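Novice: Right, I'll just put the structure down here and ask away after.
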Amino acid sequence: MAAVRVEVSVLPDSVLLQILALLPPWDRLRAAGVCRRWRRLALDRAVWKHVDLSQRRVWGTPLLRRVLPAGLSTLRARGCLLSASRQRLLSPALLSALGKRCPQLRCLALSETDLRRIPYASVPASLTALELRRCELPISWFHPMAPSGTLRRLLLHHVPAFADWHLMAASCQHPLRVLSLRGTHRVTEAGLLQAAPQLKGLRHLELWGCGAGDATMGAIGSHMKQLRVLEVVDCPVSSAGLGPLKSLQGLERLCLELGEKVAPKAVIALAQALPRLRELQIVGACSGMDEIRLSLSHCSCSHSPQAPD
């Protein structure tokens, strides 16, 4: 079959806008130099609603300053923390400009960024989602005396400085709905127990490599009854820790790493007590998966020898 060739110039504006939005930001800016029509489309607010700069270290460059339109909703960017460069690419002034020029910004995702000289007050107040991956934080972030915030989603993956006081301050300051902690080894069970009463509104909780234990499972069962998704990995849960989770009657997805002595019957009893459970994933050693699958017809059961990515 012969290939069909379509002239780009005959495509309607609505189609070209969708195509331009899929291009990397630097290619969108190049497209703006083609002709007047392309400049108008390439600089349209719809094209710059979501910007992903994480493939390049671009903080503070002219490119970043050119891609801060008023309609920006999501911004992802990467710093120089894990590079040979010592340049600090993020500044309070740049964050302040981001907040002023982009009042509709809802999600800010930073990776490999040094935030130790960035006051938390510089973070745009419009954010509802903050994602930090392999970043450095100062002790003062999420100060408990700060005004109530608007964050609903907080994700911290491999942020070694994030500790109990950060968790407590963030849980007091923001009405969180999603909390994902992975590789935050300074978060202890004591910190999780202290923050649990402030996290009653959570719908989605991930604890990977934290200090979670059976007492944490008790706090989750007592205070986080609105949970729909719960993942506890690299923190083996014993049979005693499974019992309190039966109170999570709205739970739809459960991912657990089990302790060595947890019997399949304990897992089955938990799953049968959760009427809305549709997905159960067991991480680590588990010799009774066949028995679990046969006993649980109301949900999909899977087993992973290692924690999923």
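The values are calculated or read from the model by the stated rules, or taken from the named source; none is laboratory data. Owing to the predicted nature of the structure, the values given are computational and were not obtained by experimental measurement. Here the Cβ positions follow ideal geometry from the backbone for every residue, glycine too, while neighbour counts run over all protein chains shown.
Novice: Looking at Arg293, Arg278, which one is charged (D, E, K, R) and under 23 Å from the mean Cα position of the chain (by Cα)? Full working, then the answer.
Specialist: Working: Arg293 fails: under 23 Å from the mean Cα position of the chain (by Cα).
After applying the criteria, what remains is Arg278.
Novice: A follow-up question, please. Hey, Leu296 hits all of (1) in contact with a strand residue (DSSP E or B) (Cβ under 6 Å, 6 or more places away or on another chain); (2) under 19 Å from Val229 (Cβ atoms) but one; which does it fall short on?
Specialist: (1)
Novice: Given the residues Leu82, Leu108, which is the only one that is of a type in the set (A, V, I, L, M) and either at pLDDT 85 or above or crowded, with 17+ Cβ neighbours inside 10 Å (or both)?
Specialist: Values: Leu82 fails: either at pLDDT 85 or above or crowded, with 17+ Cβ neighbours inside 10 Å (or both).
Among Leu82, Leu108, only Leu108 is of a type in the set (A, V, I, L, M) and either at pLDDT 85 or above or crowded, with 17+ Cβ neighbours inside 10 Å (or both).
Novice: Right, here's the next one. Output the residues belonging to the range 213-239 that are hydrophobic (A, V, I, L, M, F, W, C), in contact with a Gly (Cβ under 9 Å, 6 or more places away or on another chain) and either closer than 16 Å to Ala163 by Cα or surrounded by 18 or more Cβ atoms within 10 Å (Cβ to Cβ) (or both). Can you show your working first?
Specialist: Within the range 213-239, the first condition is being hydrophobic (A, V, I, L, M, F, W, C), and the residues that meet it are 215, 217, 219-220, 224, 227, 229-230, 232-233, 235, 237.
Retained after the next criterion (residues that are in contact with a Gly (Cβ under 9 Å, 6 or more places away or on another chain)): 215, 217, 224, 227, 232-233, 235, 237.
Matches in the range 213-239: Met217, Met224, Leu227, Val232, Val233, Cys235, Val237.
Novice: Residues Ala269, Ala263, Ala285: which one is in contact with a strand residue (DSSP E or B) (Cβ under 9 Å, 6 or more places away or on another chain) and not polar (S, T, N, Q)? Spell out the reasoning first.
Specialist: Numbers: Ala269 fails: in contact with a strand residue (DSSP E or B) (Cβ under 9 Å, 6 or more places away or on another chain); Ala263 fails: in contact with a strand residue (DSSP E or B) (Cβ under 9 Å, 6 or more places away or on another chain).
One residue alone meets the criteria, Ala285.
Novice: Restricted to the range 133-154, and to residues that are within 17 Å of Ser73 (Cα to Cα) and not basic (Lys, Arg), which residue is surrounded by the most Cβ atoms within 10 Å (Cβ to Cβ)?
Specialist: Per the criteria, the residue is Leu154.
Novice: Return the total of residues in the range 243-256 being closer than 20 Å to Leu294 by Cα and buried (at least 18 other Cβ atoms within 10 Å of the Cβ).
Specialist: 4
Novice: In the set Ala93, Ala121, Ala109, which member is touching a residue at least 40 places away in the same chain (Cβ under 8 Å) and outside any loop (DSSP other than H, G, I, E, B)?
Specialist: Details: Ala93 fails: touching a residue at least 40 places away in the same chain (Cβ under 8 Å); Ala121 fails: touching a residue at least 40 places away in the same chain (Cβ under 8 Å).
The conditions single out Ala109.
Novice: Could you tell me which residue of the range 209-223 is farthest from Gly183 (Cα to Cα), considering only residues that are in contact with a Cys (Cβ under 9 Å, 6 or more places away or on another chain) and at pLDDT below 95?
Specialist: First, the residues of the range 209-223 that are in contact with a Cys (Cβ under 9 Å, 6 or more places away or on another chain): 209-213, 216.
Next, only the ones that are at pLDDT below 95 stay: 209-213.
Details: Gly209: 5, Cys210: 7, Gly211: 10, Ala212: 12, Gly213: 15 Å.
Filtering the range 209-223 for residues that are in contact with a Cys (Cβ under 9 Å, 6 or more places away or on another chain) and at pLDDT below 95, the one farthest from Gly183 (Cα to Cα) comes out as Gly213.
Novice: Over 18 Å from the mean Cα position of the chain (by Cα) and hydrophobic (A, V, I, L, M, F, W, C): does that describe Ala190?
Specialist: yes
Novice: Also: Determine if the range 160-176 includes at least one residue that is acidic (Asp, Glu) and either over 19 Å from Ala129 (Cβ atoms) or in contact with a helix residue (DSSP H, G or I) (Cβ under 6 Å, 6 or more places away or on another chain) (or both). Step through it out loud before you land on a result.
Specialist: Taking the range 160-176 first, the residues acidic (Asp, Glu) are 164.
Among the residues that remain, those that are also either over 19 Å from Ala129 (Cβ atoms) or in contact with a helix residue (DSSP H, G or I) (Cβ under 6 Å, 6 or more places away or on another chain) (or both) are: 164.
Checked the range 160-176: at least one residue is acidic (Asp, Glu) and either over 19 Å from Ala129 (Cβ atoms) or in contact with a helix residue (DSSP H, G or I) (Cβ under 6 Å, 6 or more places away or on another chain) (or both).
Novice: Might you check whether a residue that is in a loop (DSSP other than H, G, I, E, B), in contact with a strand residue (DSSP E or B) (Cβ under 8 Å, 6 or more places away or on another chain), under 21 Å from Gln194 (Cβ atoms) and of a type in the set (Gly, Ala, Ser) occurs anywhere in the range 141-163?
Specialist: yes
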